[in-house]
Amino acid sequence: MITISARLAPDVLMRPVTPDDAAGLARAQRRSRDHLKHWDPARNDAFYTTEGQRAHLAAHRAEEEAERLLSWVLVRDGDGDEDDIVGGIVLSGIVRGQFRSADLGYWVDVGHTGRGLADAAVRQVCETADSVLALHRIQAGTLLDNVASQRVLTKNGFAAYGVAERYLHIDGAWRDHRLFQKILNDRRP
């Protein structure tokens, strides 16, 4: 298991997600529910509960154990006993062999957008994908009007390579996505 952690800002740490993060993820998802609705698939009410996040993490855990997924949370250092989760980032669909590729997804809590956290997290995950996982490329897709996410990707060296029509079912409809990729290296697999 990859246990890479990184300081993204003076008060925000990116670290691997754990089953103990279920309650914090539920709180963050509830806070950002309206903000993320436009960018996310439809979620049932259970997703926003601790139990729903436990189930979500359990599904991720199985994928991690199969080495097809790596997931991190962005955690704000708190003054109290509890750290606040303010985002997440995931490499999914990790394929080895001749392809050596993965899909990238990320989100930032509504109260922490515009701070460069997504940019820093994407940069760190790309470095990990290259130096630790020895992947060749990472791909990501954004809704056509998600200019902020497109800016994060291009700042991190991703290039747009096409539009996928009706690519994902987001916010109640099949939505077109702009596709991006970053070639990490040209090493032999």
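The values are calculated or read from the model by the stated rules, or taken from the named source; none is laboratory data. Fair warning: this is a prediction, and the values are worked out from it, not measured in the lab. Because the Cβ atoms are built from the backbone with ideal geometry, glycine has one as well, and the counts that use them run over all protein chains shown. What goes into the accessible areas is simple: the full protein's heavy atoms, side chains included, and nothing from ligands, DNA or RNA. Shrake-Rupley method; radii C 1.70, N 1.55, O 1.52, S 1.80 Å.
Numerical summary
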read-out	value
Proximal charge balance of residue 189 [Cβ under 9 Å; K/R count +1, D/E count -1]	+4
Accessible area (Å², 1.4 Å probe, nearest 10) - residue 127	100 Å²
At q = 0.08, 0.17, 0.18 Å⁻¹, base-10 log of I(q)/I(0) for the chain (Debye sum, equal scatterers on each alpha carbon)	-0.25, -1.23, -1.39
Shape of region 82-183, Cα gyration tensor, a/c cut at 1.5	oblate
Area of residue 39 that stays accessible when all protein chains are in place (1.4 Å probe, Å², to 10)	80 Å²
Protein-only accessible surface order, largest first, of 5, 131 at 1.4 Å	131, 5
Length released on extending from residue 187 to residue 77, taking residue separation times 0.36 nm less the Cα-Cα span	35.8 nm
Area of residue 68 that stays accessible when all protein chains are in place (1.4 Å probe, Å², to 10)	100 Å²
Label point distance in nm, residue 164-residue 139, each placed 7 Å from Cα along Cα→Cβ	0.6 nm
Per residue solvent-accessible surface (Å²) - the chain, probe of 1.4 Å	53 Å²
The chain, relative contact order [Cα under 8 Å, separation at least 6], %	19 percent
Whether region 105-145 is rounded, prolate or oblate, judged on the alpha carbon gyration tensor where a/c under 1.5 counts as rounded	oblate
Computed helical MRE - 222 nm, the chain, DSSP H runs ≥ 4 contributing -39500 (n - 2.57), nearest 500	-9000 deg cm²/dmol
Carbon/sulfur fraction of accessible area - the chain, other protein chains in place, 1.4 Å, %	49 percent
Computed P(r) (all Cα pairs; region 19-124; 10 Å bins; percent)	14, 43, 35, 8, 1
